[in-house]
Structure formats: structure tokens, C-alpha cells
Amino acid sequence: MSKGKKVWMIVGGVVLLVGIIGVSINSSRKNVVSVQAAKVQRKALLTSKVSASGQIRAKKSIDLQSEVQGIITELPVHEGDSVKKGQVLLHIDPKQTNADLEVANAQYEQASAQARAQEFEISNSEVQLMREEASLKSAQAQLQRDQDNLQRVQSNFKRQQQLHEDGLISHDDYEEAQNKLKSAKAALTMQQSSVSQAEEQLRVARNNIAKMKNQLTSSQASAKSSAANLAKQKDQSGKSRIVSPLDGVITQLKKETGERAVPGMMTSPEATIMTIADLSVIQAELKVDETDVVNLSLGDITEVKVDAIPDTVFEGEVTEIGNSPINASTTSQEAKDFKVIITLKNPSSKLRPGMSCTGDITTDTKKDVLTIPIQALTVRDVEVDKNGVYHQPDLENKSKGSVARADTTKDKAQKKELEGVFVINENKVARFRAVKTGISGESEIEILDNLKENEEIISGSFQTLRTIKDGATVKIEAANKSEKKS
């Protein structure tokens, strides 16, 4: 073999070896996952907050509306004026209300007079009834006397008849006894008729009195109705003058002198004349998502920022938590917000109802806790034993083939979603570890168990955390400038 051929063979061997090494390195690089890493750190203070937006409002705010219709004749106040409770705010033309009051008064007087007349008539009828009752008693007494007389006359007639039959008295004496009997019977019949007539008159009188009493009841009810209507009209007449129901500030004035006040429902914007608010107690009304409202409690400290006053942070506390969604008519698929009221402790005189604001509500605070970045936390569907406990799989046994796999599947494994992190061991291998979390801060979350301080974990990227497999070899990327700043 010539010297030139030997050189070419050596060169070819070197090229082949370099190629094999390159392919091997490239193949190994394909199995390495580039990740971002962070360490489990102990934090001196971790604060959990809920953020929500809303608007500033006064604790006491009233929309004043008129209950009577008419032209506004006097309006001595302006928007922004401070007013006192009981202060006259406006006058409405009282002509219509006064006319209605006069009509109601006349109707009441008429109904009352009619009731009084019926009472007098009933009183007279009751006196007449007493007379009728006395006449009936007299007639009944006379009837009893006539019955007793008839019995005596009948007994005397029987004796006279027996004596006449025995021939002991004359025929004239017998006829006289007979005539007395007929006269007694006639007197009794006449008196029975008189008693019946007196009873009928008494019954009619009682019925008439009962009828008049029913009419009186109706008249008295009419008088009461007229009295109620009169009271209503008096009240309406007094409402032509509107006074302030509280100390406060006129935050909105919708009417001017000469315009018509229109009664209406509270939801009708046309009916509102002005709005008065007590600005001594200022609140922030926030809309909190349903997933956050369950973490709130009365008394939670809150920092409120108002868009119009960006350099000032107002301290407050939660004083009211809504029990039902703000928009109860929304479909069940949509997220719902709940009203949460924050009462500010030292409000500024610059605050006005309706200003936009945001609130950071502190729900919990813990000291000296282990934390990890929130983005490092992930959820995996893993196998657990029959008691629901997760055991980190042994990667070496898994690589030994079907025999080892058969041993690990003697008891059928169950699937369960667990929250955890990927810990990077000394061999740069990522292992999934289930953890139990506590409160969450702005960017960190508390770890309660299964992690130690300074352990290294995968913190990104988001796509990597979604797809990385347990046991993958990793390469830690340097954090970019924006991440370092955050």
C-alpha cells in the first residue's frame, strides 16, 4: 500500500469519527429541555391581596323627588351648596294641591253630617221602640186578664147551665150567663189581635233600626274614607314645599325655576330633582369577582387609589360584602361580580361621588414563609395508589423493561390531578413533586410542605411547564433582562 493511500485512509477515519461524535452530541441535545429556574426562598412577610375596581360614593346619598306635580316657583339652592336637615330647598305651585284639599274637606264634612243625621234618627227610633215594647207589654197583660176573665165566665156559665137544666133558674138568667160568655170570648179574641198587631209593629221597628244601623255603618265607613282622603290631601298640600332630609351637599341639580316637577318611580330619571349626599363618610364600591369574594372578611384592610388623585393612597376597611351577584340576570356561564363596600378612614375633600377607583384588599398576612414564583406551580394528571397518595415513580426501574413494569402495575393505578412543581436535582433532571400551597402574594405563593429552602425548581417558560415530562434532562437558561427586573 502506498504512502498516499495510507494518508487518505487516516483522514477518512478521522472524518468518520468526527461525524459519529457530532451525531451523538446532536442526538443527546435533542433530549435536553431548556428551562428557566428559580429557588425556593424564605420570605419575611407575604401578603395576600384581592384587587378590584369600582367608584367612589357617599355612604348616605338621597335622590330627591317630588310627590306632587306642579311648576317649581322657588329654587333658592345651587349645585355644590351645603344644606342642613330641614332646610327649604324648593317650592312648587300649590294651587292644584290646595284645590284638591278643599274638595276633600267638603266630602268629609258631607259624609260626617250624613252619619250624624243617621245617628239622630236611630236614637229617635230606639225611643219609639221602647214605647212599642211598653205597649206590647200592656197588651199582653190585658190579654192575660181577658184569659182569666174568660175562665171565670166559662165556669159560671157551666153552673148556670146546670141549674137551668135542673129548672132552678129562669131562662132569662141562663141567657144572661150565655151572653157574658160570648162577650168574654169576643174580648179575648180582640185582645189577641191587639197583641199580634203590637208584636208586628215591634218587629218592624226593630228591623227598621237594624237597617238604619247598617246604613250608619256604611256612612261611617264613607266618613272614614273621606277623613283618610282629607289627611292625604293635607299631606300632599304640605309637600309643595320640599326640605332637606339630611345634612349634606347638593351633588347634582337637575331642575330649574319654572320647570315642572313630575312625580314618578325612584328609577325614573325625570322624577329626580336633585341629589344630596353626606360627604362626611366616603366609601368605595368595588366589583369583586366571585372567585375572590369568598376570601374576603369584614374588617379587611384596603388601599384605595382614585384615578383623579393618583398620588394619594386612601386607607379603608371592608364594611359590607354582597350576598348576591350585582347582575343576577346574567347567564350561569358568565363570571359574576359581587358588591364590596370599603369605608375610607381619612377621605379627602377632593373626593366626589362617581370617581373611578381601584382597591387592593389585604385578605391575609404571614411571616417567615417558604415561597416560590406563582408561575412555577403547575397541575399534572398523575397516578396515585388506592388511598389517593402520590408516590414519585422510580425512573431506573421504569427503564428495565416489561418485567419491572408488570411489578409496578399489580395494583391498578388511579389517575388524579395534583398541584406541584418540577424540582431540578443535582443531575439536572426535572422531577415532579406534589406540594401543598397556602396564601398567594402578587408574584409568590406560599409552600406548606414537600419543598425545602434553596431547592431549585423550574419557573418557565409557560409552554415548557405545560409539556415537560417527569425525568426530563434540563438545561437552565439565563434569565433575560425583563425577567431580572421583574
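The values are calculated or read from the model by the stated rules, or taken from the named source; none is laboratory data. Bear in mind the structure is a predicted one, so any value in this text is a computation, not a measurement. Note that each Cβ is placed from the backbone with ideal geometry, even for glycine, and that neighbours are counted across all protein chains shown. Accessible surface is based on the protein model in full, side chains and every heavy atom, while ligands, DNA and RNA are left aside. Shrake-Rupley method; radii C 1.70, N 1.55, O 1.52, S 1.80 Å.
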Residue that is farthest from Arg145 (Cα to Cα) [pool: residues in segment 163-190 that are at pLDDT below 90 and among the polar types (S, T, N, Q)] | Ser170
Is there a residue being assigned to a strand (DSSP E or B) and either crowded, with 16+ Cβ neighbours inside 10 Å or on the phi > 0 side of the Ramachandran plot (or both) anywhere in segment 346-355?
-> no
Could you tell me whether segment 206-227 includes any residue that is part of a helix (DSSP H, G or I), under 20 Å from Leu101 (Cα atoms) and open to solvent by 60 Å² or more (accessible area, probe 1.4 Å)?
-> yes
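Out of the residues in segment 228-273 that are among the basic types (Lys, Arg) and out of contact with any strand residue (DSSP E or B) (no Cβ under 9 Å at 6 or more places or on another chain), which is nearest to Ala99 (Cα to Cα)? Explain how you work it out, then say what you get.
Going residue by residue through segment 228-273, those that are among the basic types (Lys, Arg) are 232, 234, 239, 241, 254-255, 260.
With out of contact with any strand residue (DSSP E or B) (no Cβ under 9 Å at 6 or more places or on another chain) added as a condition, the list becomes 232, 234.
Values: Lys232: 13, Lys234: 11 Å.
Of everything passing the filter in segment 228-273, Lys234 is nearest to Ala99 (Cα to Cα).
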Looking at Ala413, is it in contact with an Asp or Glu (Cβ under 8 Å, 6 or more places away or on another chain) and at pLDDT below 85?
-> yes
Out of all the residues in segment 452-476, which are in contact with a strand residue (DSSP E or B) (Cβ under 6 Å, 6 or more places away or on another chain) and assigned to a helix (DSSP H, G or I)?
-> Thr464, Leu465
Looking for whichever is at pLDDT 95 or above, β-branched (Val, Ile, Thr) and either over 17 Å from Gly54 (Cα atoms) or surrounded by fewer than 16 Cβ atoms within 10 Å (Cβ to Cβ) (or both) here; the options are Thr358, Thr365. Which one fits?
-> Thr358
